[in-house]
Amino acid sequence: MGIGTISFIILSVLTIFCAIMVVASKNPVHSVLWLVATFFTISGHYLLLNAQFLAIVNIIVYAGAIMVLFLFVLMLMNLNANTEPRKNLWTKLAGVVSAGMLLWILV
C-alpha cells in the first residue's frame, strides 16, 4: 500500500464520519460546521486526483460562500427549542404514516 492509498482511506473515513455528523447533529450550526469539514475532506480527494483547481474552487465557493450564507440564515432564523411549538402525538403519527406511504411509493 502506497501513501496515496493510505491517504485515500483516511480521507474517505473522515468524509463519511463528517457526513454522518452533518445528519446526526442536533444543533443546526454544528451541522453546518460539519458540512464545511466534509467539503474540506472532499477537496482533499480532489488533491489526490491532481485536480487542484477543483479543490480550491470547492473550498472558495462551497465552504466559503455558500456555508457563510447558510450560517447567516440559521442565525437570522434564531431557532430556539423554547419558542418551537410542541407537536402532539397525532401530528407525529401523521408524519410517520405519510413518510411511510411515500417510502412505499418510491420503492
For Thr91 and Val57, what does the FRET efficiency come to when R0 = 41 Å and r is the distance between their Cβ atoms, rounded to the nearest 0.05? 0.45
Residue-averaged [θ]222 nm for the chain, counting only DSSP H segments that reach four residues, each worth -39500 (n - 2.57): -24000 deg cm²/dmol
Additional length obtainable on full extension of the chain from Ser7 to Leu76, 0.36 nm per residue less Cα span: 21.0 nm
Given all pairs of distinct Cα atoms, the chain yields a Kirkwood Rh in Å of 16.7
Apportionment of accessible area to carbon and sulfur, segment 1-90, percent (1.4 Å): 76
Along Cα→Cβ, 7 Å out, is where each label goes; now give me the distance between the ones at Ile16 and Ala99 in nm to one decimal. 2.4
Nearest 10 degrees, 0 to 90: what angle lies between the long axis of helix 3-24 and the longest principal axis of the chain (Cα atoms)? 20
The correct pair for segment 1-61, radius of gyration to one decimal and Dmax as a whole number, both in Å and from Cα atoms, is 12.5, 39
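So what is the accessible area of segment 1-64 per residue, in Å², with the probe set to 1.4 Å? Intermediate results must be reported in sequence, preceding the final value.
Details: 4180 Å² over 64 residues.
Per residue, segment 1-64 has 65 Å² of solvent-accessible surface.
The values are calculated or read from the model by the stated rules, or taken from the named source; none is laboratory data. Keep in mind it's a predicted model, so treat the numbers as computed, not measured. A quick note on method: Cβ atoms are made from the backbone with ideal geometry, for glycine too, and the neighbour counts reach across all protein chains shown. Surface accessibility is based on the protein's heavy atoms, side chains included, excluding ligands, DNA and RNA. Shrake-Rupley method; radii C 1.70, N 1.55, O 1.52, S 1.80 Å.
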